[in-house]
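Worksheet: the structure to be examined is printed underneath.
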Amino acid sequence: MYPVITASVPVLEPPGWAPAQRELFDLLDRSWRRFAEDFTGPGGELRYHGTLSTRDGGDDFYEVFFNWPQLYLLGGADDLLAASERHWEGVTRQLTALGMLREEYERGYDWFHQGESLLLFYFLCMAAPDRWRERAVRFAELYVDPAHGNYDAEHRIIKRPHNGSDPEREGLSDTGSYPWLPKEAEMYGFPLNWILPEGAETPPLDADPRLGEQMRLRTGVGDTAVNLAATNLALNALILTGETRYRDWIVEYVGAWRERAAANGGVVPDNVAPDGTVGGLLEGRWYGGHYGWNWPHGWHSVGPAAAVAALAAAAATGDDSYLDLVGSTLDEVIAHGKTMAFQDADSSLQSKWTIQLLEDVRTPTLHVPYRHGDQGWFDYNPMPLVVPAALWHHSASAADRERIEQLRAASGIDWSTIRPFRSKEESGHEEAWFAFLAGDDPGYPERILATAQAQIRHRLTRMERYRDIDVPEADIHLWQQSNPVATEALVQLTWGGPQVLYNGGLQQARVRYYDAEARRPGLPPSVAALVSSIDPQATVVELVNLDPEYARTVIVQAGSFAEHTIATVAYTACDDPAWIGDLYDYGHRQPMEITESLQVGGPWVTVELPRSTRVRLTLSLELRTGQPSYRTPFDAEEA
């Protein structure tokens, strides 16, 4: 049904990245099985016998498996999808018994954490849309339908920072004061830090108004910027159903925040009072909301949430001007940047950056402020490329690329450097990936694949150390820290996309793949892929069939959601068998490659890969010509 390309260039000496990529798939397959055996029960639940004493923790159970169905979509084992579904079901039953969920959804918590929880769910919807449609619609309705108590259509706000399936859940804590640890006070300071008069003696934590009554009254109601991440619940339902009411809600809600940002000099404010006014509970301050600019994380929480919403609105409408919601805020943060060494910065995220920078903690480089308070901008950290890369990947605009180039020029650190860390976001190597795409680091694929192997083998050792302990509540992050599934390298190299925005993003990809014989998503066995350019007019994809005996057939899809059109494809071919030589030749000649082209005019093209063959495709793409959809090429064949 789709245009067909048959590869004909022989694989004689496989490029180093190709066998390294297949070795990574094999290692990942053994690793997730080991984790499931060591840390989960027969129903897919995590082995945990304690209770959860606060509203926090539910996200930590789901996050453990967030990228398992993503690995299936990349080409992981056939039974990985069923395993991922079993773990979602098992954890959901477990968290329901622990009092964290109602009707399979978070009772009420902030969207910095809800977004983390939902990544597993979104990937399951992507991998098996028919089985997950009912839940996806039901969850989206919690916000789109005001009858569920989360959304105020008159003021265009989500009505409280802790929201979800339980409309009776109020405030920020089930106790008289916000849960607090001295270490957190040392790292982040206090919310509402202007409440205590200057020079006043600091009260005990359980009597501190910044953690008790004032926090409940001023930051426990109304909308907050991290709620913007809820837009992907609606976008997910839109992709599944095509119903315009979900698009209309995204436009309404994101549109309200665009107006607030425009009225605030282009910077997204972090709080809206129940009457719809920015700063209405904070004496007019545009900062100070829960999980906002002043406390605890600033840009680290506000930036990704705004990016999720901006990308959701752009995807739903086709109007890229929505990206201004986060772009202008990002530019304002960068404008306040300073060159310094991290060891001299006032960063509240020491544990994140010390492992990510290693010896470069002493290297002067651009730092930007993550937070804003009465004293102005503060809390300086390096500017991660996560949000700028997501914007550029979507828009492919010169302006978004220029922003990245300016960040690179201001960096004192070589962007081709790859460090052996794995944050819980399972990202952080965007700078080195960009250097590769810019043509400055051709060895990147093999090096990032080796780094992924190191991450996995490190985690296998960690699993061995901790698999037999009875995990206490204080250490429930152990499972995340031990999850051996590492997908960042595969996402970049095979899909040509950045790792998913961790606080509730949907996957970005220039291309995806389907195994034509198995009729499932992902690369077939023995096939490796490398995207070396994501320029829409010249997206370059190389496919290699390493199998010396069996042919494979791959369907290449344009975009995560078949939203792009492949106008034409140029591809390499070898139509002269002279490279083989004569019967008595002791060697072979260099195969002569030519370039052929094919008109496509749709989101899919079929590539037949005979044994030991390779092909380089140069795709000319027309971006976002179709409504994002979870349809597959097999659905289209049957329609």
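Coordinate-derived values only; no laboratory data. Small disclaimer: the values here were computed from a predicted structure and weren't measured. As a convention, Cβ positions derive from the backbone with ideal geometry for all residues, glycine included, and neighbour counts pool all protein chains shown.
Against the chain, whose longest principal axis is taken from its Cα atoms, helix 386-395 shows a tilt of about 60°.
Rounded to the nearest Å, what's the spacing between the alpha carbon centres of segment 5-75 and segment 358-413? Just the number, please. A separation of 30 Å, based on Cα centres.
The phi-based Karplus calculation (6.51 cos²θ - 1.76 cosθ + 1.60; θ = phi - 60°) puts the 3J(HN,Hα) values of segment 424-430 at 5, 5, 6, 9, x, 10, 5 Hz, whole numbers, x for Gly and Pro.
I need the peptides 185-195, 57-67, 589-599, 22-32 ranked by packing, meaning the mean over residues of other C-beta atoms within 10 angstrom, with the highest value on top.
Going from most to least packed, we get 57-67, 22-32, 185-195, 589-599.
Helical content alone sets the calculated 222 nm signal of the chain at -11500 deg cm²/dmol, taking -39,500 (n - 2.57) per DSSP H segment of four or more residues and averaging over every residue. The C-alpha atoms of the chain define a longest principal axis, and helix 111-127 lies at about 30 degrees to it. With contacts taken as Cα pairs under 8 Å and at least 6 residues apart, the chain reaches a relative contact order of 17 percent.
The modelled label-to-label distance between Asp38 and Lys424, using points 7 Å beyond Cα along the C-beta direction, is 1.9 nm.
If you place +1 on the Cβ of every Lys and Arg and -1 on the Cβ of every Asp and Glu, how big does the dipole about the Cα centre of segment 512-638 come out, in debye to the nearest 20?
It comes to approximately 400 debye.
Toward the positive end of the charge dipole of the chain, with +1 on the Cβ of Lys and Arg and -1 on the Cβ of Asp and Glu, the farthest Cα among Leu192, Leu74, Tyr48 is that of Tyr48. Between amide H atoms placed 1.01 Å from N, distances below 5 Å from Arg624 occur with His564, Thr565, all of them 5 or more places distant or on a separate chain.
Against the main long axis of the alpha-carbon atoms of the chain, helix 244-263 sits at an angle near 60°. Site pair Glu252 and Asp374 shows an inter-label distance of 3.8 nm when each label is modelled 7 Å from Cα along Cα→Cβ. Couplings for segment 593-607, taken from phi via the Karplus curve 6.51 cos²θ - 1.76 cosθ + 1.60 with θ = phi - 60°, read 9, 10, 10, 10, 9, 8, 7, 10, x, x, x, 10, 9, 8, 10 Hz in order; Gly and Pro are left as x.
Between rounded, prolate and oblate, where does segment 512-638 land on the alpha carbon gyration tensor, with a ≥ b ≥ c its root eigenvalues, rounded for a/c under 1.5, else prolate if a/b exceeds b/c? Because a/c hits 1.5 or more and a/b exceeds b/c, segment 512-638 counts as prolate. When the chain is described by a simple charge dipole with +1 on each Lys and Arg Cβ and -1 on each Asp and Glu Cβ, the residue from Pro304, Val64, Leu27 located farthest towards its positive end is Leu27.
Placing pseudo-labels 7 Å out from each Cα toward the beta carbon at Ser53 and Glu198 gives an inter-label distance of 3.8 nm. Using the Karplus relation 6.51 cos²θ - 1.76 cosθ + 1.60 with θ = phi - 60°, the per-residue 3J(HN,Hα) values for segment 284-296 come to x, 5, 7, 10, x, x, 5, 6, x, 6, 9, 7, x Hz, with x marking Gly and Pro.
When the square roots of the Cα gyration tensor eigenvalues are ordered a ≥ b ≥ c, the ratio a/c for the chain is 1.5 or more and a/b exceeds b/c, which makes its shape prolate. Considering only His458, Thr175, Ser397, the residue lying farthest towards the positive end of the dipole of the chain is His458, judged by Cα position with unit charges set on Cβ. Amide H to amide H, which residues 5 or more places from Asp535 or on other chains are under 5 Å from it, using H placed in the peptide plane? It is Val540, by chain and number. Around the amide H of Trp295, modelled in the peptide plane, lie the amide H atoms of Gly288, all under 5 Å away and 5 or more residues distant in sequence or on another chain.
Across segment 65-139, Cα pairs under 8 Å and at least six residues apart give a relative contact order of 39 percent.
For segment 44-153, what class follows from the C-alpha gyration tensor (a ≥ b ≥ c being the square roots of its eigenvalues): rounded when a/c is under 1.5, otherwise prolate if a/b is larger than b/c, else oblate?
Judged from the Cα gyration tensor, segment 44-153 comes out oblate (a/c at least 1.5, b/c at or above a/b).
Only Cα pairs under 8 Å and 6+ residues apart enter the sum, and on that basis the relative contact order of segment 524-586 stands at 22 percent.
Counting Lys and Arg as +1 and Asp and Glu as -1, each charge on the Cβ, what is the dipole of the chain about the Cα centre in debye, to the nearest 20? Don't skip to the answer; put the middle values down first.
Details: 54 positive and 91 negative charges, 59 e Å.
Once rounded to the nearest 20, the dipole reads 280 debye.
For the pair segment 446-519 / segment 156-231, the C-alpha centres are spaced 33 Å from each other.
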